[in-house]
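Here is the structure we will look at, set down as structure tokens.
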Amino acid sequence: MTDHLDDYMNAVARAMALPLEDAWRPAVRANLDVSLRLARLVDDFPLPDDVVSAAVYST
């Protein structure tokens with residue numbers, strides 16, 4: 001997975017014309033890893049087919 005994250009970081013940095021210093025890479029990689037783990041939790045959460053999203057949120 002690390003190679004894919006490195007490839008992704010390089011591609012996004014090039015596409016957005018953002019500098020990606022070598023010193024930043026471990027922190028960026030760690031952030032992406034956590035974000036992907038959280039996204040996997042949301043994506044894997046089972047929902048019934050009849051669930052409808054809320055049009056208005058209120059507290």
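Looking only at residues in segment 33-57 that are among the small types (Gly, Ala, Ser) and loosely packed, with under 10 Cβ neighbours inside 10 Å, the one that is modelled with the lowest pLDDT is Ala54. Cβ-Cβ distances below 8 Å connect the following pairs, each with a first residue in segment 4-26 that is on the phi < 0 side of the Ramachandran plot, a second residue that is outside any helix (DSSP H, G or I), and a separation of six or more residues or different chains: Met9/Leu20; Asn10/Leu20; Val12/Leu18; Ala13/Pro19; Ala13/Leu20.
Residue-wise test of (1) in a helix (DSSP H, G or I); (2) open to solvent by less than 80 Å² (accessible area, probe 1.4 Å).
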{"residue": "His4", "(1), (2)": "yes, no"}
{"residue": "Leu20", "(1), (2)": "no, yes"}
{"residue": "Asn31", "(1), (2)": "yes, no"}
{"residue": "Thr59", "(1), (2)": "no, no"}
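The values are calculated or read from the model by the stated rules, or taken from the named source; none is laboratory data. Note that the structure is a prediction, hence the values are computed from the model and not measured. Glycine also receives a Cβ, built like all others from the backbone with ideal geometry; neighbour counts cover every protein chain displayed. Protein only, heavy atoms only, side chains kept; ligands, DNA and RNA dropped before computing areas. Shrake-Rupley method; radii C 1.70, N 1.55, O 1.52, S 1.80 Å.
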